[in-house]
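Here, each number is a calculation from the coordinates, and none is a lab measurement. All of these numbers come straight from a predicted model, not from anything done at the bench. Here the Cβ positions follow ideal geometry from the backbone for every residue, glycine too, while neighbour counts run over all protein chains shown.
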Amino acid sequence: MVDTPASALTGPAKLSRLRLRPVGIDTYHENVAYLHRDCEVYRAEGFKALSKIQLHLNGNSILATLNVVDDTRIVDCNEVGLSKSAYLQLRQLSCPPSALTCPSSPDEEVVMVTIGQAEPPASMGALQRKIMGERMTQDDLQAIVHDIAQHKYSKIELSAFLVATNRDELDREEVFFLTQAMVQAGRRLDWHEPMVVDKHCIGGIPGNRTSMLVVPIVAAHGLLCPKTSSRAITSPAGTADTMEVLAKVELPIDELHDIVRRHRACLAWGGTSNLSPADDVLISVERPLSLDAPGQMVASILSKKVAAGSTHLVLDIPIGPSAKVRSMPEAQRLRRLFEYVAGRMNLAIDVVITDGRQPIGLGIGPVLEARDVMQVLENDPAAPMDLRQKALRLAGRMIEFDPDVRGGDGFAIARDILDSGRALAKMNDLIQAQGSAGFDHHHPSLAPLCLEVNAPRSGMVTGIDNLQLARIARLAGAPKISNAGVDLCHQLGSEVQAGEVLYRVYAAYPADLAFAQQAVGKSDGYTLGEAVDLPHVFVEF
């Protein structure tokens, strides 16, 4: 939000009033406004496509990137159209919560907004200096992050910032300043307890739903674990997507607080909490560019954890040939950066390096992953053992944050909680509290179309490409189609015969299945060989 009231405008901008029209276009964390090319305001103000404009309503204002249209069916000459994110942001600032939903027809209401030219972001000078290779100060990064959170940067300007800070272009002090600025730009939760625990994985491993097991285990032990998770951006499922198969995850902040107070935990989507909003904007540009710089990663993860009120964090860094981190030296450098910034933020952190050579569990996609999670909680013999063991190890490390637990005893405590059924009972409590979706994990309803991918020859599975299997699952429809995805039949070290099923791909639509089949035709993601070809594993459990 920009605080300049419409009454403070001078000149032509003060008279530039147009009818507001929501156009229902999803621009994903970017405020976009639409003017007709023949609009008098467009011509009089000298606007250009992709320039920034300022829109005022009831004493509040937002910034938006201008798109110019020629079709009056999108916006008429006396209207300004707003994308979904821009419309909801402006209405949220100017109207009660009940008015946040876009009307189904623009004729349902007449709202007039004032528009005018937007000033360039005040932090643009600092960004230009970074592009030239200069080091940024704490004030520079606070100004840049503030402007990003206020949607003052266009996608082009955001891309410039991300490229300028990619790889080793941020020193560890700058990463700390960036993390600090991200926390300050949004809401910060306070649970009024001395210890609030959380667990996070840097990502890149399909099916890695350990959080949905760790949270009920540590909450059953008595630790406070309010887990706010993300939805998938480029992966086949995020924790929030998988949990949504079981229960409601979009919870108002007051309801979320109540659940955490009653049950010592939650498994909710973090988007409703306004935690580190600048990070959400940056992620919307990072992912299409496939940028995942260490400094940005550290700032993104730690800012969300500190803003969520966490005091203690277990961080999972998987390494493997197709993981985000491919070598132990790279993992150790990243560990040291996490530890430095976390220490400066007064966040206790335990970084664990884990096996990232293959997907964790058997299912890739929300429904399949939810099935795996519930099988582990029920101690089902069919449950994937790698998911169970990894969750127990991570939960054990979190339990050892408890000052009453001796170092090394956490795993046994976590295993007892899981084996006794206390973790299952806690998960069922959370599902009921958040609002059960009625999922039957004993008979999960999978997408109706199925493609079996068979082994081309006999041999041992010596390699599984995480990136390719994630891509195949997404092409099949996951996570948008919750019961689409990939179900593995074999993992590393398995002996397979020629023609044996390696995995099954589930899709709801023929086009999705065809896309997935094309990807499989290029590479099925499996490597068959001999036992000596198995890659070494580096783990710290």
| note | Amide H neighbours of residue 250 at under 5 Å, excluding residues fewer than 5 places away on the same chain, with H built from the backbone geometry, are 269
| query | When a footprinting reagent is the concern and you count Cβ atoms within 10 Å, what order do 210, 462, 242 take, fewest first? | reply | 462, 210, 242
| How do the peptides 63-72, 491-500 rank, highest first, by the average count of neighbouring beta carbon atoms within 10 Å per residue? | 63-72, 491-500
| query | So what is the relative contact order of the stretch 291-369, in percent, for Cα pairs below 8 Å that sit 6 or more residues apart? | reply | 35 percent
| query | Peptides 29-38, 415-424: what's the order by average Cβ count within 10 Å, highest mean first? | reply | 29-38, 415-424
| In the set (i) 20, 51, 27, 3; (ii) 23, 59, 18, 1; (iii) 16, 36, 24, 16, 7, 1, which value of P(r) over Cα pairs in 20 Å bins from 0, in percent was calculated from the structure you see? | (i)
| query | Once phi is turned into ³J(HN,Hα) by the Karplus curve 6.51 cos²θ - 1.76 cosθ + 1.60 with θ = phi - 60°, what whole-Hz value does each residue of the stretch 358-366 show in order, with x for glycine and proline? | reply | 7, x, 9, x, 10, x, 10, x, x
| note | Most packed first (mean Cβ within 10 Å per residue), the peptides 80-89, 186-195 order as 80-89, 186-195
| note | quick note, the chain, DSSP beta bridge pairs, % antiparallel (nearest 5) is 55 percent
| query | Tell me, what HN-Hα J-couplings in whole Hz come from the Karplus equation 6.51 cos²θ - 1.76 cosθ + 1.60 at θ = phi - 60° for each residue of the stretch 113-129, using x for Gly and Pro? | reply | 10, 9, 10, x, 5, 9, 6, x, x, 4, 8, 4, x, 5, 4, 5, 5
| Sequence-distant or interchain residues sharing an amide H contact under 5 Å with residue 502, placed H: which? | 453, 454, 455
| note | Phi-derived 3J(HN,Hα) across the stretch 427-439 with the Karplus relation (6.51, -1.76, 1.60, θ = phi - 60°), rounded Hz, x for Gly and Pro, is 4, 4, 4, 5, 4, 5, 5, 7, x, 4, 8, x, 6
| Does the stretch 197-434 classify as rounded, prolate or oblate by the C-alpha gyration tensor (a ≥ b ≥ c root eigenvalues; a/c under 1.5 gives rounded; else a/b over b/c gives prolate, otherwise oblate)? | rounded
| remark: Length-normalised contact order of the chain, Cα under 8 Å, at least 6 apart, in percent, tallies to 14 percent
| message | Suppose a student asked you for the relative contact order of the stretch 228-386, using Cα pairs under 8 Å spaced at least 6 residues apart; what percent would you report? | response | 22 percent
| Low-density loop cleavage sites - trypsin sites (Lys or Arg not before Pro) in the stretch 454-505, where at most 14 other Cβ are within 10 Å (DSSP) | 457, 480
